[in-house]
Amino acid sequence: MYDVVRRIPRGRVATYGMVAMVAGYARAARFAGLALHHCDDPSVPCHRVVNASGGLAPHFVSQRGRLQREGVTFAGRNVALGRHLWTPRLPDERGGAASSRRRARDRAV
């Protein structure tokens with residue numbers, strides 16, 4: 001789970017559900033939230049994970065400021081997800097991005 005969060009770039013956010021899905025735990029957003037709540041590793045940018053509507057963690061008082069310093073904007077209390085939502089590259093069932101490129105090349109022939 002933490003490796004997924006480390007991939008979120010500065011100025012972007014991911015949702016708990018997205019982090020769980022990419023980590024291989026589909027439909028486990030609460031599990032992701034619990035894991036991040038207990039994370040004390042400073043190399044894991046937990047502040048970049050928000051709820052499905054862009055809402056911040058209720059007891060993470062520095063989250064908004066940290067996101068703003070990275071250039072993240074807000075619509076009221078929520079992150080402007082349309083502008084800052086991270087889109088991870090998901091590997092497909094046949095081996096990831098290389099397979100996608102290979103299929104595109106094969107279609108072009």
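Quick note: the coordinates plus some simple rules give every number you see, no bench work behind them. Please read these numbers as outputs of a predicted model, since none were measured by experiment. Neighbour counts run over all protein chains shown; Cβ positions are idealised from the backbone, glycine included.
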Ranked 34, 90, criterion: other C-beta atoms within 10 Å, fewest first: 90, 34
Net charge, residue 56 excluded, C-beta distance under 13 Å - Lys, Arg +1, Asp, Glu -1: +4
When region 13-80 is reduced to its Cα atoms, the Kirkwood hydrodynamic radius in Å: 12.2 Å
Net length gained if the chain between residue 27 and residue 78 were fully extended (0.36 nm per residue, minus Cα distance): 16.2 nm
